[in-house]
1. Of all the residues that make up segment B:101-121, how many are surrounded by 24 or more Cβ atoms within 10 Å (Cβ to Cβ) and either over 11 Å from B:Glu51 (Cα atoms) or within 12 Å of chain C (Cβ to nearest Cβ) (or both)?
2. Every residue in segment C:1-22 that is within 13 Å of chain A (Cβ to nearest Cβ), under 19 Å from the mean Cα position of the chain (by Cα) and not charged (D, E, K, R), please.
3. What about C:Tyr64, is it assigned to a helix (DSSP H, G or I), touching a residue at least 24 places away in the same chain (Cβ under 8 Å) and within 14 Å of chain B (Cβ to nearest Cβ)?
4. Name the single residue, out of those in segment C:23-49 being open to solvent by 60 Å² or more (accessible area, probe 1.4 Å) and within 14 Å of chain B (Cβ to nearest Cβ), that is farthest from C:Gln115 (Cα to Cα).
5. Do the conditions hold for A:Phe175, that is, is it open to solvent by less than 30 Å² (accessible area, probe 1.4 Å) and among the hydrophobic types (A, V, I, L, M, F, W, C)?
6. Open to solvent by 40 Å² or more (accessible area, probe 1.4 Å), under 19 Å from the mean Cα position of the chain (by Cα) and among the basic types (Lys, Arg), is that true of B:Lys205?
7. Tell me, which residue of segment B:1-31 that is out of contact with any Ser or Thr (no Cβ under 9 Å at 6 or more places or on another chain), within 14 Å of chain C (Cβ to nearest Cβ) and of a type outside the set (S, T, N, Q) is farthest from B:Leu228 (Cα to Cα)?
8. Can you go through C:Arg96, C:Arg41, C:Arg3, C:Arg106 and tell me which one is of a type in the set (Lys, Arg) and on the phi > 0 side of the Ramachandran plot?
Amino acid sequence: MERDLIVAGFGGQGVMMLGTLLAQATCDSTDKNVTYFPSYGAEMRGGTANCYVAISDEEIGAPVMETVSDLIVFNQPSLDRFLEKLAPGGALFVNTSIADPKIDRDDVNVVEVPVTEMAIEMGNPKVLNIIMLGAFIGYTEVVSKDVVLQEIKNKIGAKKPELLPLNEEAFEKGFAIGSAAKN
Amino acid sequence: MAMEKVYRRTTGIVKDMVSGFCPGCMHGTVHKLIGEVADEMGRANDLIRAEGIGCCGLGQKYVTHDSAICLHGRACAAATGIKRNEPDSLVYTYQGDGDLASIGLGETMLAANRGENFTVIFINNGIYGMTGGQMAPTTLLGMKSTTTPKGRIAEEHGYPIHMSEIIDQLIAPYYIERTTCADPAGVRKTKAAIRKAFEYQAAGKGFTFVEIVTSCPTNWGLDPISALDFIKEKMLPEYPLGVLRDKGAEEV
Amino acid sequence: MARIFMKGCEAIAEAAVRAGCRFFAGYPITPQNEIPEYMARRLPEVGGVFVQGESEIASVNMLYGASSTGTRSMSSSSSTGISLYSEGIAACASARLPAVYVNVMRGGPALGAIQPAQQDYLQATKASGNGGFRMIVQAPSTVQECVDMVYEAFDLAERDDNPVLILADGVLGTMMEPVELPEMKSDEEVKALKQARRHKSVCGHPAEERVLAEPGSVGTGQEARNIAAAEMYKTWDKDVKVEEFMTDDAELILAAYGISARIAKTAVKALREQGIKAGLIRPVRVSPFPYDAFGSLDFGRVKGILDIEMSIPAQMVWDVEYAVRGRCPIRECLRSGGQLMTKEKVMEEALKLAEEVL
């Protein structure tokens with residue numbers, strides 16, 4: 001079973017980091033196949049950013065898909081642009097702090113996560129993507145929680161160990177929202 | 001009593017080979033000088049030639065050292081690839097004015113700007129030789145060529161390009177000299193310049209550039225003797241001889 | 001061996017280093033910049049040399065010079081930049097130098113688009129320069145294959161004294177995927193590889209052992225050189241590499257290489273689920289081309305072929321048509337100019353063909 005994900009938002013919202021964290025974790029701690037494909041605007045700064053992640057037990061074909069099983073959007077333009085790519089029955093993760101979760105589709109499941117506000121409340125607006133990653137894993141369990149936490153430890157723990165507890169907490173907060181939304 | 005041999009043919013030229021260069025052409029002289037300098041330095045087996053296209057490209061038949069025949073204008077790029085991988089060798093490019101200053105201007109300038117540790121030997125005779133006497137970037141104003149039948153006109157063709165002076169604008173090059181082979185004193189100075197360039201290269205000093213003003217009697221439409229006069233009367237006023245830069249001398 | 005998550009371009013560069021590549025020259029162009037950037041960091045660590053050429057033309061001529069010395073050398077560029085490599089690569093082929101280079105294809109012609117494409121097939125396989133030379137052209141479809149094919153390319157190039165091209169595309173160059181990296185050749189091995197070529201390398205010899213790197217001949221020797229090269233090309237039957245997936249009972253054949261092939265493969269599976277007997281023929285090397293794989297199909301059973309490429313107009317289809325010789329209909333499934341091939345597009349065209357011929 002292949003699980004495909006688009007992550008989209010403004011540059012600077014940690015879109016690419018979310019994608020690489022998830023993909024890297026899958027590579028390091030599972031036997032699954034995984035692809036990651038980044039897509040930038042031609043601008044070096046301030047544009048929109050999106051990336052594709054596919055995770056599967058079988059060989060992965062296209063690393064860029066026309067329809068995906070999951071969609072994470074950090075802002076309204078990304079929601080408007082990518083919603084049509086979400087397959088019926090798919091899961092939509094919306095940053096409800098700045099994007100309106102009311103959509104004119106009733107064939108997808110919406111998980112509302114106000115990550116911008118939550119991150120500011122936690123004292124560091126940068127952790128919004130880690131909260132969202134937590135929500136995504138809590139809801140989909142495409143890979144286990146431990147696998148992703150380990151990767152957060154590897155990546156953030158190595159570079160900025162002082163930020164590790166904050167990121168772990170951010171992940172847990174998101175995870176709780178994702179798990180709850182599943183039930 | 002045994003005679004002492006005070007002059008011998010350089011090992012840098014194939015034994016018994018007769019030159020096919022036109023009468024009065026100075027490629028033969030310069031090849032001989034390169035070989036003699038390498039012999040005198042004891043470096044004949046370390047010499048590598050990156051050869052340009054045109055009459056320069058005929059030299060491959062005469063020299064005895066390893067050579068890479070380079071695409072038109074690209075000798076300085078190929079020499080970069082060679083020298084960076086064979087840093088203990090003695091690498092020189094051998095290029096004419098069309099090759100070095102027209103199609104290969106970019107490669108020449110950027111190799112000089114990187115301070116690549118090889119020697120450029122630039123043969124400036126103001127004309128394309130092998131292809132039949134077309135205008136070169138170094139062709140003198142008023143000089144007739146097969147593509148400037150009425151003579152080079154500044155308004156239409158621009159002015160003769162002064163490569164040594166242009167390269168002298170860059171910071172990296174270590175040694176730049178313009179010489180001629182139009183008379184015996186000039187030949188001796190040319191040899192000394194090549195020697196100096198090779199010595200600097202052997203010491204790892206960087207980019208060295210020897211521009212040699214030579215003749216092309218065939219395409220100038222002159223006999224060899226008149227061609228020598230033409231160099232002195234017309235070419236050298238445009239391309240004055242001398243050392244433009246010698247960082248080695250400055251350091252002393 | 002442990003899996004590492006790597007971007008295609010970086011995996012290409014690391015594989016080259018592990019194969020003993022110690023010289024790289026290149027000029028910036030999207031979407032392959034991570035190759036020179038990686039090399040600029042990595043080569044000095046292993047005693048190698050990185051040079052940023054002032055242009056593609058300079059870079060390929062640096063590659064020419066470096067290859068002539070026997071150092072394992074590589075360059076990379078993308079499409080419109082590769083056009084500028086033409087003369088230099090022809091020089092390597094003519095002088096019989098083992099240069100390795102990579103084309104991370106983008107849209108074309110000329111500037112085209114910075115996004116991925118497969119629009120250089122004919123250039124890569126038929127005429128990468130003047131004079132009718134040929135090369136082995138590897139066409140990876142995964143990041144792992146990028147690694148394996150680059151690693152192998154240096155051996156192939158040295159075996160034949162001939163350039164080898166890795167024909168990748170912007171998707172492969174940009175995407176990340178788990179890879180297992182091959183063994184790093186030791187300094188001793190790398191030295192020995194260079195030493196083994198010393199007798200034919202431009203590195204300084206006494207007159208009687210003189211070496212000449214010649215991309216042409218003064219006088220009448222060129223035909224003999226052409227004949228010698230042609231004889232070498234004839235030995236490449238053994239070098240044909242093709243992947244055949246579910247072709248045994250297939251009635252519909254999808255034909256694709258590189259990135260399009262992995263997408264076509266998932267389409268084959270999906271078509272099978274719908275009861276359509278589809279199969280895939282994928283040239284793993286696009287030169288030498290696997291003509292037999294297409295030519296020896298049972299055309300009593302195979303009713304149609306779908307040629308899938310990210311190129312408009314289609315290019316590989318010429319080779320497929322040459323092999324099939326009119327024995328079944330061949331249709332095209334194409335994207336171009338930076339628009340990517342998708343499984344959905346392949347399914348749509350395959351179902352159309354199924355309706356037409358089955």
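1. 9
2. Of everything in segment C:1-22, those that are within 13 Å of chain A (Cβ to nearest Cβ), under 19 Å from the mean Cα position of the chain (by Cα) and not charged (D, E, K, R) turn out to be C:Gly8, C:Cys9, C:Ala11.
3. Spelling it out, C:Tyr64 is indeed assigned to a helix (DSSP H, G or I), touching a residue at least 24 places away in the same chain (Cβ under 8 Å) and within 14 Å of chain B (Cβ to nearest Cβ).
4. My answer is C:Gly47.
5. When the stated conditions are applied, A:Phe175 does not pass them.
6. no
7. B:Asp16
8. Just one listed residue meets the conditions, C:Arg96.
The values are calculated or read from the model by the stated rules, or taken from the named source; none is laboratory data. Small disclaimer: the values here were computed from a predicted structure and weren't measured. Ideal geometry is used to build each Cβ from the backbone, glycine not excepted, and the neighbour counts take in all protein chains shown. Keep in mind that these areas ignore ligands, DNA and RNA; they rest on the heavy atoms of the full protein, side chains included. Shrake-Rupley method; radii C 1.70, N 1.55, O 1.52, S 1.80 Å.
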